[in-house]
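Below: the structure, in structure tokens.
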Amino acid sequence: MTAPRPAAPARGPAAGAGDESRNGMPPLLDVQHLTTRIRTSRGVVRAVEDVSFQLEAGETLGLVGESGCGKSMTGLSLMGLLPPGGRIAEGSSIRLDGRELVGLPARELRRVRGNDIAMVFQDPMTSLDPTKSIGHQVAEPVLLHRGCTRAEAAERAAEVLGLVGLPHPRERLDDYPHQLSGGLRQRVLIAMALANEPRVLIADEPTTALDVTIQAQILALLADLRSRLGMAMILITHDMGVTAGHADRVNVMYAGRIAESTGTDRLFHGMRHPYTQSLLASVPRLDQDPDRRLPTIPGLPPDLTGPADGCRFADRCAYATDRCRTEEPALTGPPEHRFACWHPTDGPRPAADLPAAPRPAGPAAPKAAVAASPADDLRKSAVRPLLEAHALVREFPVRGARLPGQGRRVVHAVSGVSFTLGHGETFGLVGESGCGKTTLGRLLVGLDRPDAGTVTLEGTDLGQVRGRELRRRRRDLQMVFQDPFSSLDPRMRVGGILREPLRIQGIGTAREQKARVAELLAEVGLPERGLDLFPHEFSGGQRQRVGLARALALNPRLIVADEPVSALDVSVRAQVLNLMKRLQVSHGVSYVVISHDLAVVRYLADRIGVMYLGRLVEVGSADDIHLRAAHPYTAGLLEAVPVPDPAAERAKRGTGITGELPSPAAPPSGCRFRTRCPLATDRCAAEEPALRSFGPGHTAACHFPLRGPVAEEPLSAPA
């Protein structure tokens, strides 16, 4: 047990207390002692507890913390959009420009909501009405609040859609949400919120479901609109990198309360609460040492239906003492930095305190160059790779009517992809959604068959294997899917889910299968009682552990992990990443890790392949991709990654890659990246670049690379 730190200062007034803001003027938004209760069948949930803060015009306040800590419920409370059974407790105050909103009649509150204060919700696909055009949905709040004609509302809708960067807004007014990409749908949600130029905008996880490139564009858009319109903004997120680059002040929430409140720079470099310290330490960074384990926060947040005795973080805190478990600390300190802790920390956790990560034992296949022909790798290596993918092609026909003279239209999901994977090696696949990563992963494990090319496992062409032999080979190839909730049968208990592959493959007796299932559950860190639970009874991180256990049941040689941590909180993400490294060492398994998060892939992978519209455009070691990127697309992805460092985020020159990903049904001629590349010329449109070497194991396909290639023949010709 780490020794407790010095006691916190004496109790003081609530954060933000008083009628004047920090500049001596009345604040635009003044929230005092906000407490929200939700009555459920399990009891009363204390979702928000005594939250106070102020917000000035033109300011951005970040609300950060794990899922369930009260961030979104705070935003919904401000909007008056509580779920059934929810109510704001007596004594709470929400004053918008001096006007009290708590207790306001429903009719009066509707005039404020969407007009003076608006909200951008987390998931645009579920927040937008699929039966109505985007023009109708953006015009609707204008009609309700401005009393204008339908023509005037449509004109305003086109204007605000153009303001948020929707291409050809007047032509898209009659489009429906399903016809837009995720980034464009998010822009439509922002346009709906901005239609009446609100004074306060609440953005609830506005970029969580988006690629890193589109995320950077949306965040830059929000910052620009805030500046141009003079809005105040509350940015709700669990991404500390997003907070670092876009918030002026930050409130860290835990179990419904504010644990720490201060300016962004001070929070990242001089945090005082152990929860803030642990939250920041568990974030994978591009410069993270892959040889050290990621710090994690043990346990789970408390059940908010139970009594609150002492500090709510005490059961997960390394510095907790008996006082922490019996006496709740108040939010204290000077107005510029308040925290609720009896034993405050002294800034970030030193990297030297982190334990070493487990490393694979025994010889691994050499990290040879990933060339177009795996046969070239074999000639250079004395050890046969575990897996060889050669010139893989997968296309999907586009259904629907064709114009006269129009040929068969197809989606070019994977186009001529080749690489090798060594024993005990991790190969990362990165790129935006729609670039073919998941389709390639399905080809590797035999869930789909390529239209051309081969997948070879230890010398055996899987495309030539049928029947009983194919079933036997499937033991060696497993996949962990992106969404553990949808990939686990909701009608089966976890014990049955883990036993199913053993039963299908006829491995062991019933008693041996049960013993193996219990062993798997213990190996991924779940209690044995979990065998009798259904998937919905686990948290997101626990469900992902179940998915890993199922993939390991048959002792596979290769696991393809498709976005294994994208849906998880930052603290749970660190736990799963550490688990994956440990399991790789203990089982000797090879990974193909698919992700759009370069920081995650950088931490896990030995080598990384960058995909764009079905092609591998660059491959190299993790250091090559991070420190010596040759392709402009790779450099753009790296530039767009949010960094949990305010100074580094402010120093960025731009948002990285701009524009939308072209349709894979009609990819650009020549270099497929040319329509978004700042270096593109006429040559890029006429000629597809070949893979060239930029050092040992480092290849890229670009006519105008960011580094000089090694003087040798190209590794491949255009397919």
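Can you spot a residue in the stretch 635-651 that is farther than 28 Å from residue 268 by Cβ and either free of Cβ contacts under 8 Å to residues at least 12 places away in the same chain or crowded, with 24+ Cβ neighbours inside 10 Å (or both)? Walk me through it before giving the result.
As a first pass, look at the stretch 635-651 and keep what is farther than 28 Å from residue 268 by Cβ: none.
Taking every residue of the stretch 635-651 in turn, none turns out to be farther than 28 Å from residue 268 by Cβ and either free of Cβ contacts under 8 Å to residues at least 12 places away in the same chain or crowded, with 24+ Cβ neighbours inside 10 Å (or both).
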Residue count for the stretch 517-534, restricted to those that are over 14 Å from residue 582 (Cα atoms) and either touching a Pro at 6+ places or on another chain (Cβ under 8 Å) or of a type in the set (D, E, K, R) (or both): 6
In a loop (DSSP other than H, G, I, E, B), touching a residue at least 24 places away in the same chain (Cβ under 8 Å) and closer than 28 Å to residue 538 by Cβ: is that true of residue 294 in this structure? yes
Among 204, 211, the single one that is closer than 28 Å to residue 431 by Cβ, at pLDDT below 85 and either surrounded by fewer than 21 Cβ atoms within 10 Å (Cβ to Cβ) or not polar (S, T, N, Q) (or both) is 211
Counting just the residues of the stretch 524-553 that are closer than 16 Å to residue 591 by Cβ and of a type outside the set (Lys, Arg), which one comes out surrounded by the most Cβ atoms within 10 Å (Cβ to Cβ)? 544
Residue 695 vs. criteria surrounded by 14 or more Cβ atoms within 10 Å (Cβ to Cβ), on the phi > 0 side of the Ramachandran plot, out of contact with any strand residue (DSSP E or B) (no Cβ under 7 Å at 6 or more places or on another chain) and without any contact (Cβ under 8 Å) to a residue 60 or more places away in the chain: no
Can we say residue 493 is loosely packed, with under 13 Cβ neighbours inside 10 Å, more than 18 Å from residue 552 (Cβ to Cβ) and either touching a residue at least 12 places away in the same chain (Cβ under 8 Å) or charged (D, E, K, R) (or both)? no
Which number in (1) modelled with pLDDT of 95 or more; (2) crowded, with 22+ Cβ neighbours inside 10 Å marks the one condition that residue 88 misses? (2)
Among 630, 561, which is buried (at least 24 other Cβ atoms within 10 Å of the Cβ) and farther than 21 Å from residue 441 by Cβ? 630
Look through 619, 601 and report the one residue that is in contact with a strand residue (DSSP E or B) (Cβ under 8 Å, 6 or more places away or on another chain), buried (at least 24 other Cβ atoms within 10 Å of the Cβ), over 30 Å from residue 247 (Cα atoms) and touching a residue at least 40 places away in the same chain (Cβ under 8 Å). 619
With the structure loaded, tell me whether residue 567 is within 30 Å of residue 462 (Cβ to Cβ) and buried (at least 22 other Cβ atoms within 10 Å of the Cβ) or whether it fails that test. no
So, in the stretch 35-65, of the ones that are part of a strand (DSSP E or B) and of a type in the set (Ser, Thr, Tyr), which residue ends up farthest from residue 253 (Cα to Cα)? 40
Hits in the stretch 315-333 (condition: of a type outside the set (D, E, K, R) and either in a loop (DSSP other than H, G, I, E, B) or buried (at least 21 other Cβ atoms within 10 Å of the Cβ) (or both)): 317, 318, 319, 320, 321, 324, 329, 330, 331, 333
Cβ pairs under 9 Å, 6+ apart or interchain, first in the stretch 398-424 and farther than 26 Å from residue 671 by Cα, second at pLDDT below 90 and surrounded by fewer than 10 Cβ atoms within 10 Å (Cβ to Cβ), ordered by first then second residue, are 402/408; 423/362; 424/362
Restricting attention to the stretch 116-142, and to residues there that are polar (S, T, N, Q) and either out of contact with any strand residue (DSSP E or B) (no Cβ under 6 Å at 6 or more places or on another chain) or over 20 Å from residue 81 (Cα atoms) (or both), which single residue is surrounded by the most Cβ atoms within 10 Å (Cβ to Cβ)? 137
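Provide a single number: the residues in the stretch 14-49 that are polar (S, T, N, Q), out of contact with any helix residue (DSSP H, G or I) (no Cβ under 6 Å at 6 or more places or on another chain) and modelled with pLDDT of 95 or more. Break it down into steps so the answer makes sense when it comes.
Residues of the stretch 14-49 polar (S, T, N, Q): 21, 23, 32, 35-36, 40-41.
From the residues that got through so far, the ones that are out of contact with any helix residue (DSSP H, G or I) (no Cβ under 6 Å at 6 or more places or on another chain) too are 21, 23, 32, 35, 40-41.
Now drop any that are not modelled with pLDDT of 95 or more, which leaves 32, 35.
Final tally of qualifying residues: 2.
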Take the residues in the stretch 539-568 that are in a loop (DSSP other than H, G, I, E, B) and small (Gly, Ala, Ser), then tell me which one is modelled with the lowest pLDDT. 567
Kindly evaluate residue 526 against the criterion of being of a type in the set (A, V, I, L, M, F, W, C) and in a helix (DSSP H, G or I). no
Flag for residue 228 being farther than 26 Å from residue 65 by Cβ, out of contact with any helix residue (DSSP H, G or I) (no Cβ under 6 Å at 6 or more places or on another chain) and buried (at least 23 other Cβ atoms within 10 Å of the Cβ): no
Scanning the stretch 51-76 for residues that are among the polar types (S, T, N, Q) and farther than 13 Å from residue 234 by Cα, which turns out modelled with the lowest pLDDT? 67
Residues (at pLDDT 80 or above and either surrounded by fewer than 20 Cβ atoms within 10 Å (Cβ to Cβ) or under 30 Å from the mean Cα position of the chain (by Cα) (or both)) located in the stretch 387-408: 387, 388, 389, 391, 392, 393, 394, 395, 396, 397
For the stretch 265-304, give me each residue that is over 21 Å from the mean Cα position of the chain (by Cα), surrounded by 18 or more Cβ atoms within 10 Å (Cβ to Cβ) and of a type outside the set (A, V, I, L, M, F, W, C). 272, 273, 274, 302
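The values are calculated or read from the model by the stated rules, or taken from the named source; none is laboratory data. Computed from a predicted structure; not experimentally measured. Note: ideal-geometry Cβ built from the backbone for every residue, glycine included; neighbour counts use all protein chains shown.
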